[in-house]
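**Student:** Got a structure for you, questions after.
The values are calculated or read from the model by the stated rules, or taken from the named source; none is laboratory data. In this text the structure is predicted, and so the values were computed from the model without any measurement. Note that each Cβ is placed from the backbone with ideal geometry, even for glycine, and that neighbours are counted across all protein chains shown. Heavy atoms of the whole protein, side chains included, go into the accessibility calculation; ligands, DNA and RNA do not. Shrake-Rupley method; radii C 1.70, N 1.55, O 1.52, S 1.80 Å.
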Amino acid sequence: PMEGEVRWDGLCSRDAAARGVALEAIAQTVLRRGRSVAADPLLAPAARDGLSAVLARLLMLSRRCPFPDVREKSQAILGGVQELGIRIPRPLGHGPSRFIPEKEMIQVGSEDAVMHTLFADSFAALGRLDNVTLVMVFHPQYLESFLKTQHYLLQMDGPLPLHYRHYIGIMAAARHQCSYLVNLHVNDFLHVGGDPKWLNGLENAPQKLQNLGELNKMLAHRPWLITKEHIEQLLKTEENSWSLAELIHAVVLLTHYHSLASFTFGCGISPEIDCEGGHTFRPPSVSNYCICDITNGYHAAEEIHASPTGSIPSAESVCEVEALMEKMKQLQECRDEEEASQEEMATRFEREKRESMFVCSSEDEESAPARDVSRHFEDTSYGYKDFSRHGMHVPTFRVQDYSWEDHGYSLVNRLYPDVGQLLDEKFHIAYNLTYNTMAMHKDVDTSMLRRAIWNYIHCMFGIRYDDYDYGEINQLLDRSFKVYIKTVVCTPEKTTKRMYDGFWRQFAHSEKVHVNLLLVEARMQAELLYALRAITRYMT
């Protein structure tokens, strides 16, 4: 098919002249194919599909490429194809996020110099500027660290071959039926020469990758069950064994994509323009949206319930912010006064951990069944259950016995050099990120609130900080916020726009995205701690 004839790689060049040559070649090829399709209506469907895929890619470039020359030329090529009487695609939906109005986001082409560099780096590395990046750019300092880490894991020298890395990303994202990430990595997997047969399900992949399936499930849903025996099985099997370095690479990839699935659902990331669900070849209908948009959930009703941000603040939600700030002030004063006993602190942790088991959303609506590759990776028997109801008990993991700083970091750095360092920076940026604002208030110290969010997530995983008073969590995180956190971290595929709109109603979208960065990093660190502890126990 046609994809093979179009060379996209040249568009990633930093050199405008090189991009110009690549664009000219693409224009020639596409228009030549367009003319043959236009001349022969009975052309094989494969040739039509090939052209459609290329046109969708050009549509994406015309909207999402950080280089203006590529945006303009892609638009012009589409125009040329349209003049041949061939339908060209248009985008579906409203921007990179279903939760955040497009007008409140950075538009490609109007970004500042710092953001432009990030966009260009991202585009040069992946050949695309994806919707995750466009939402994360609310926080450029974090985005830079995130992109650097992801680039290292996927593309730089490392123990695992490239196609394995993308396949492991697919395995991880499929645990949460995250078709957004699955689709991206299916494309990348094929691009680096992966075998399409593997995409029909894990049983078609090499035994070595199949053996990783169990660890993938446990990490995603019950990381506290991982033992050194699981690690031993992977390292000791005769012909399909993993080396320690490969296993560390795999574990970091699995945890990266589990938590990125949380971000994808937590921020309502839309399908990429050139992926399924991101564009249509149907002409716009009279009323501006056609029936296919409605079934895709892009209905005008969304506009009526537009986000609270930007509307007149209701008295009730303004009070919400004031009340939260007042509580922070009181807690700070209490902290300075009395110290609870060790026993009391332990009890408060256990209470919070037990209660977190029962936090669940009233909606619990069934999410749409996945139509994409992820259905081949389903194992529905195994999800994050509320364990206490199933007689399951989450043991307590004491950070002073095994922490990222003192144990995990050095283990990763030893077996997969530089990655411990990259992850450490990313954890720190997410945890310490602050603009000292809360909704409409300036000069606020938000560290107490950030710590409560981080520790609440770790508490759901049974992870306890001895010096933290878990009583603070109930003071600072209200029920709707806890429901949102637990859903995004544990069953992200069930996150709804209503949940996103329902917490912190007076806060800016950038602040809600900031919350998601905390959720991503706290979840990733929690999963890593359990896996790395098991690896350390195996090694000693």
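Yes or no, residue by residue, for (1) aromatic (Phe, Trp, Tyr); (2) within 13 Å of residue 274 (Cβ to Cβ); (3) open to solvent by less than 10 Å² (accessible area, probe 1.4 Å):
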position: 8; (1), (2), (3): yes, yes, no
position: 20; (1), (2), (3): no, no, no
position: 57; (1), (2), (3): no, yes, no
position: 60; (1), (2), (3): no, yes, yes
position: 63; (1), (2), (3): no, yes, no
position: 66; (1), (2), (3): no, no, yes
position: 71; (1), (2), (3): no, no, no
position: 86; (1), (2), (3): no, no, no
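**Student:** List the helices (runs of 4 or more DSSP H) inside region 462-540, counting only whole elements, that have at least 1 residues being out of contact with any helix residue (DSSP H, G or I) (no Cβ under 6 Å at 6 or more places or on another chain) and closer than 20 Å to residue 133 by Cα.
**Tutor:** Once the helices (runs of 4 or more DSSP H) in region 462-540 are filtered for at least 1 residues that are out of contact with any helix residue (DSSP H, G or I) (no Cβ under 6 Å at 6 or more places or on another chain) and closer than 20 Å to residue 133 by Cα, what remains is 497-502, 509-539.
**Student:** OK, next. Looking at region 73-84, which of its residues are at pLDDT 95 or above and open to solvent by 30 Å² or more (accessible area, probe 1.4 Å)?
**Tutor:** Hits for region 73-84 are 73, 75, 76.
**Student:** Further question on the same structure: Identify the residue in region 449-471 that is open to solvent by 10 Å² or more (accessible area, probe 1.4 Å) and not aromatic (Phe, Trp, Tyr) and, among all such residues, is nearest to the chain's Cα centre (by Cα).
**Tutor:** 450
**Student:** Would you mention how many residues in region 206-225 are over 23 Å from the mean Cα position of the chain (by Cα) and open to solvent by less than 10 Å² (accessible area, probe 1.4 Å)?
**Tutor:** 0
**Student:** With 415, 477, 422, 518 as the choices, which residue is under 29 Å from residue 151 (Cβ atoms) and open to solvent by less than 10 Å² (accessible area, probe 1.4 Å)?
**Tutor:** It is 518.
**Student:** Taking region 159-197, which residues are open to solvent by 30 Å² or more (accessible area, probe 1.4 Å), among the hydrophobic types (A, V, I, L, M, F, W, C) and assigned to a helix (DSSP H, G or I)?
**Tutor:** 162, 190
**Student:** I've got another one for you. Just to be sure, is residue 100 outside any helix (DSSP H, G or I) and open to solvent by 30 Å² or more (accessible area, probe 1.4 Å)?
**Tutor:** So residue 100 fails the test.
**Student:** Which residue out of 438, 392 is within 25 Å of the chain's Cα centre (by Cα), modelled with pLDDT under 85 and more than 22 Å from residue 265 (Cβ to Cβ)?
**Tutor:** Just a single option satisfies the conditions, and that option is 438.
**Student:** Among the residues of region 488-500, is there at least one that is touching an Asp or Glu at 6+ places or on another chain (Cβ under 8 Å) and over 23 Å from residue 270 (Cβ atoms)?
**Tutor:** no
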